[in-house]
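Here's the structure we're looking at; comments come further down.
The values are calculated or read from the model by the stated rules, or taken from the named source; none is laboratory data. Everything numeric here is computed off the predicted structure, so don't read it as measured data. Counting neighbours? That spans all protein chains shown, and the Cβs are built from the backbone with ideal geometry, glycine included.
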Amino acid sequence: MPQSALLTLLELPVIHNGMRHFLSAREFSRLIERDKKTVIRWVQQGYIPNAKRVGHVYQIPLTEIEIFKNSAAYPPQKWQK
């Protein structure tokens, strides 16, 4: 399989039982009304611990929307190890 095709497959959102489980940084930023670069910075700094980067695409779990809606201050503090 050509590498470009492989990257295209990896960049697709994770779909299980017909439902997406991740949002792109752009989609997430629009939903929470923040800049895309801010969301990417939060991911890079560990403020959204379950988010991941696949190729050039950031994948943010849909559960983060619920955390955002239920949180007085978002993003939550960086997880302590």
Q) Filtering region 57-73 down to residues that are over 11 Å from F28 (Cβ atoms) and at pLDDT below 90, which residue is surrounded by the fewest Cβ atoms within 10 Å (Cβ to Cβ)? A) A72
Q. What pairs come up if the first residue lies in region 61-76 and is touching a residue at least 12 places away in the same chain (Cβ under 8 Å) and part of a loop (DSSP other than H, G, I, E, B), the second is hydroxyl-bearing (S, T, Y) and surrounded by 11 or more Cβ atoms within 10 Å (Cβ to Cβ), and their beta carbons are under 8 Å apart, counting only those six or more places apart or on different chains?
A. P75/Y47; P76/Y47
Q. In this structure, does R34 turn out to be part of a loop (DSSP other than H, G, I, E, B) and either modelled with pLDDT of 90 or more or basic (K, R) (or both)?
A. yes
Q. Any idea how many residues of region 38-56 are part of a helix (DSSP H, G or I) and surrounded by fewer than 16 Cβ atoms within 10 Å (Cβ to Cβ)?
A. 3
